[in-house]
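Enquirer: Quick one: this structure, given as structure tokens, is what I'll be asking you about.
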Amino acid sequence: MPLDEKSLQLLGFPQIQQIVAGFTSFSASRQLALELRPSADYQRVSTLLKQSAEARHLLAIEGDFSIGTVADIREAAEMASRGKALEPQSLVEIKNTLAAVHQVRSRLKKLSGEVPLLWNIAAPIVELDGLVGRIDRCLAPDGAVLDRASPHLAALRRRVAELKGTIFESLKAIMASTHGRDAIQEPVIVERDGRQVIPVKIERKREIKGIVHDLSNTGATVYVEPLATVELGNALREAVVEERREVERILGELSAEAGQHAEEISRNIALTAELDLALAKARYAARARAVEPDLVDLGEGLPSAANHRHGGLCHPPDLVDTGHSLPSAASHRNGGLCHPHSPADPGEEAPSGARPGAPGRALRLVEARHPLLGATAVPLSVEIGRDFQILVITGPNTGGKTVALKTIGLLSLMTQAGIPIPAAAHSQVPVFDNVFADIGDEQSIEQTLSTFSWHMGNVVRIIQQGTARSLVLLDELGTSTDPVEGAALAIAVLRRFLERRIMTAATTHFAELKAFAHATPGVQNASFDFDPVTLTHTYHLTMGIPGGSNALSVARRLGLPPEIIAEAERLVPGNVKEMESLLAGLKTREQEAAMLQGQLEKEKEEAARRTGEIEEERRQMEVERQEMKAELRRMVRETRDKVLVEAAGLQTQIREIAAELRKDKSRARVEHAKKALPAILERVDAGPLQPEKDVAQGDALRNVQAGDTVRVREVGVTATVLSISEARREVELEAGGTRLRLSLDEVDRVAAPAGEAAPQVTVTRASPPSVARELDLRGRRADEVEPALDGYLSDASLAGYPEVRVIHGFGTGTVRQIVRTLLARHPLVRAFRPGQRGEGGDGVTIVQL
């Protein structure tokens with residue numbers, strides 16, 4: 001069933017159609033925009049919104065994307081299918097449109113992974129490349145038929161050109177002759193009725209024999225075709241006629257071919273118009289800062305399945321934050337569930353799970369703006385259907401109540417038409433089976449309808465057609481009649497909608513309706529604020545509290561004389577004044593609560609910020625600790641390297657002395673060597689390599705105190721304890737002028753060195769390790785070769801090996817080159833050579849240490 005047409009008009013949906021149509025690119029898509037209608041089919045609406053979201057994404061990643069120079073060529077194709085020969089310009093338009101459509105399809109195919117739904121629209125487009133190519137070959141962009149359209153046409157045009165040239169030369173010769181120069185008016189050749197003629201003076205026309213084709217306006221000149229060129233002119237006329245027939249034949253063939261594809265052309269245009277409409281919605285969304293809301297399927301009635309986000313994700317809805325706290329009265333009514341006072345009509349029973357208070361069926365608008373108000377629109381946040389089924393909106397005149405109703409209704413209609421709505425993300429809109437509105441005043445003198453009668457006629461229609469899946473919007477329900485009867489009638493109508501579980505928003509000034517909303521489960525008060533100090537509207541909607549009409553304040557602001565205002569205030573009943581005072585007090589307390597909540601939020605944010613800073617400080621301290629540990633490891637490596645270099649130098653001296661012993665057997669040299677050798681050996685044994693102090697075992701670590709000496713296990717460095725944190729089980733150390741913080745589990749207590757005033761780094765001289773006599777470097781990366789070989793040479797030297805074998809293989813020779821380059825400059829290497837036959841050949845290197 002189509003949605004209520006009268007409500008569409010009242011809510012301003014036709015204006016939205018016009019706005020969207022303004023963003024389309026050609027007439028077919030514009031017509032689609034003007035024919036847009038909201039749909040009650042959840043799947044249809046979901047697909048339309050997803051297409052709009054994809055179009056927004058497409059314009060974000062391809063900012064220049066458009067359908068190009070597309071025109072609605074369906075009528076021309078249909079005429080061609082009926083045998084009509086099309087004008088050249090129509091054929092050119094067909095060619096340009098089909099080429100643009102083909103380009104659109106090609107671009108969307110490349111982006112099909114990004115915009116699958118838009119590609120689904122474009123995929124059925126038929127690419128009529130043959131037709132496009134033939135039209136392009138035959139017609140110029142301006143519609144002129146080209147010589148290459150057919151060989152016969154090219155030959156005819158050459159014949160025409162030749163005849164024109166011959167006639168031109170003949171006429172020039174006549175005008176250049178003696179009698180011709182005297183007879184002609186001026187030496188020009190003109191065309192009359194398709195014949196080439198020359199201007200002859202009227203009094204000399206008999207001197208030029210020929211056919212007169214025209215007479216000048218003054219009568220002084222006749223235009224004569226000389227007899228000498230008549231036969232040539234006849235031949236030219238025949239050639240021109242034949243050329244025209246050939247052109248008509250070509251255009252007829254092209255038109256017939258276009259007519260053969262009329263169905264495909266019509267389908268292509270319809271699909272392209274659908275694509276362009278999606279792009280128009282996206283362009284509108286960019287201009288209006290609009291989004292696709294979450295959808296609610298009221299037909300399902302299952303909250304878990306109803307909440308649908310247009311990326312395929314499902315998540316529970318959140319309560320809308322309207323900038324204030326909901327009072328306890330808004331949530332104490334059985335969780336907002338509606339308990340009807342009387343059974344609903346059998347034909348209007350709501351589906352299972354689709355009852356008031358079910359979060360999945362709520363209408364939630366966040367920072368929504370009326371799309372027709374532009375920049376002047378004040379954002380509105382409202383929710384209906386979660387904790388209550390009916391919202392009663394009160395407040396001052398011209399305070400925004402009617403605009404709020406129209407915003408709720410119009411954004412619901414836009415959603416169901418697949419148009420993004422100007423609201424914040426996470427807004428949620430159910431797919432209603434109908435949207436009914438009773439807004440405004442359309443009394444009819446012709447039909448003898450008063451304002452009250454017109455409103456009641458709308459209410460009757462809504463009661464008859466509305467269901468539990470409908471949305472009802474009522475402006476000033478029960479007015480334009482006796483206030484007592486009007487209020488009673490309004491309460492009865494709202495109770496009826498409540499029983500039938502119809503989502504409803506109504507505006508009123510009746511105090512009785514405010515009391516009804518306060519006392520009835522499933523009904524909620526809301527009000528637009530009014531600043532009593534400045535006597536101006538704030539246009540801010542506060543949930544849970546009824547508002548005053550502030551009629552006297554508004555009248556005072558509009559300029560009503562003060563004495564009339566004073567008289568009116570005197571006539572206001574005391575209970576009404578008390579009610580207004582109570583409402584003002586509630587407003588004040590609500591504002592105070594909002595301020596307190598704001599302060600609490602700020603304090604919460606500040607606490608979170610401080611927590612983040614503390615975590616960042618702790619992280620930075622850990623980074624610094626790791627850097628200190630790395631620095632200590634570097635210091636140990638440098639110390640070790642220095643020791644190894646010095647040891648290598650000492651061993652070199654030993655070898656030199658031994659060589660001297662071999663070369664010079666004299667007693668003096670022998671004595672010199674004997675004296676030098678013990679001193680060198682003593683340096684090797686007693687140099688910078690000192691044995692490490694004994695480590696205290698057992699429970700000694702538990703007694704670590706400030707000033708004690710400990711050893712860092714990981715790097716073997718001794719350090720002095722500066723302070724101890726028992727709570728964190730951490731110790732602060734100083735080693736070599738560097739401070740660091742480590743866990744107690746990472747250090748061992750050692751005996752303090754006697755007589756030392758400050759800690760020093762010690763290196764333990766390890767016992768000779770168990771080292772193989774060969775090192776296999778095959779399979780190692782180039783950057784791994786040098787470290788592995790260097791470490792191996794050190795271990796082999798400490799083990800006392802005189803010779804070792806390094807296996808590097810043949811390969812490309814890279815590893816062999818790295819090995820031998822390092823060996824040539826290594827302090828522990830005395831000599832090296834390639835392996836011999838039986839030792840591995842050039843795939844190994846024999847190293848003497």
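Enquirer: So, counting K/R as plus one and D/E as minus one, what does the shell of residues with Cβ under 10 Å around ALA437 add up to? Working shown, then result.
Expert: Numbers: positive: LYS6, LYS406; negative: ASP4, ASP438, ASP475.
Charge balance in the 10 Å sphere: -1.
Enquirer: Related question: Between HIS426 and GLU485, what's the calculated FRET efficiency when r is the beta-carbon distance and R0 is 30 Å? Round to 0.05. Working shown, then result.
Expert: Working: r = 43 Å, r/R0 = 1.42.
For R0 = 30 Å, the calculated efficiency reads 0.10.
Enquirer: Taking amide H atoms as placed 1.01 Å from N in the peptide plane, list the residues 5 or more away in sequence, or in a different chain, whose amide H sits under 5 Å from that of VAL291.
Expert: The answer is ILE421, ALA423.
Enquirer: What distance in nm lies between label points placed 7 Å from Cα along the C-beta direction at GLU616 and GLN89?
Expert: 6.8
Enquirer: Okay, next question. What percentage of the solvent-accessible surface of region 471-533, computed with a 1.4 Å probe over protein heavy atoms, is contributed by carbon and sulfur atoms? Intermediate values should be presented prior to the final figure.
Expert: Working: 1230 of 2040 Å².
Of all accessible area on region 471-533, carbon and sulfur atoms account for 60 percent.
Enquirer: What do you get for GluC sites (Glu not before Pro) in region 9-77 restricted to DSSP loop and a cutoff of at most 11 other Cβ within 10 Å of the site's Cβ? Could the numbers behind the result be given before it?
Expert: Working: sites: GLU35, GLU54, GLU62, GLU75; in loops: GLU35, GLU62.
Counting only loop positions with at most 11 other Cβ atoms within 10 Å, the GluC sites (Glu not before Pro) in region 9-77 are GLU35.
Enquirer: Quickly work out the ALA173-to-GLN31 label distance, labels modelled 7 Å from Cα along the C-beta direction, and quote it in nm with one decimal.
Expert: Between GLN31 and ALA173, the label points sit 6.2 nm apart.
Enquirer: Same structure, new question: How do ILE19, ILE408 stack up against each other in accessible area, from largest to smallest, with a 1.4 angstrom probe?
Expert: Working: ILE19 60, ILE408 0 Å².
So, going from the largest accessible area down, we get ILE19, ILE408.
Enquirer: Suppose R0 equals 45 Å. What FRET efficiency, 1/(1 + (r/R0)^6) with r the Cβ-Cβ distance, do GLU605 and ASP745 give to the nearest 0.05?
Expert: 0.70
Enquirer: In what sequence, largest accessible area first, do THR508, THR611 appear using a 1.4 Å probe?
Expert: THR611, THR508
Enquirer: Loop only per DSSP, at most 13 neighbouring Cβ atoms within 10 Å: give me the trypsin sites (Lys or Arg not before Pro) in region 35-114, ordered by residue number. Write out the running numbers ahead of the final one.
Expert: Working: sites: ARG44, LYS50, ARG56, ARG74, ARG82, LYS84, LYS95, ARG105, ARG107, LYS109, LYS110; in loops: ARG82, LYS84.
Those satisfying the criteria are ARG82.
Enquirer: With r defined as the distance between the Cβ atoms of ARG107 and THR376 and R0 fixed at 51 Å, what FRET efficiency is calculated, to the nearest 0.05?
Expert: Working: r = 39 Å, r/R0 = 0.76.
For R0 = 51 Å, the calculated efficiency reads 0.85.
Enquirer: Sorted by accessible area (1.4 Å probe), largest first, how do MET456, MET595, MET79 line up? Don't skip to the end; give the middle numbers.
Expert: Working: MET456 40, MET595 125, MET79 70 Å².
These residues rank, largest area first, as MET595, MET79, MET456.
The values are calculated or read from the model by the stated rules, or taken from the named source; none is laboratory data. Worth saying up front: this structure is predicted, and the values here are computed from it rather than measured. So basically every Cβ, Gly included, is an ideal-geometry build from the backbone, and we count neighbours across all protein chains shown. Areas reflect the complete protein model, heavy atoms only, side chains present, ligands, DNA and RNA absent. Shrake-Rupley method; radii C 1.70, N 1.55, O 1.52, S 1.80 Å.
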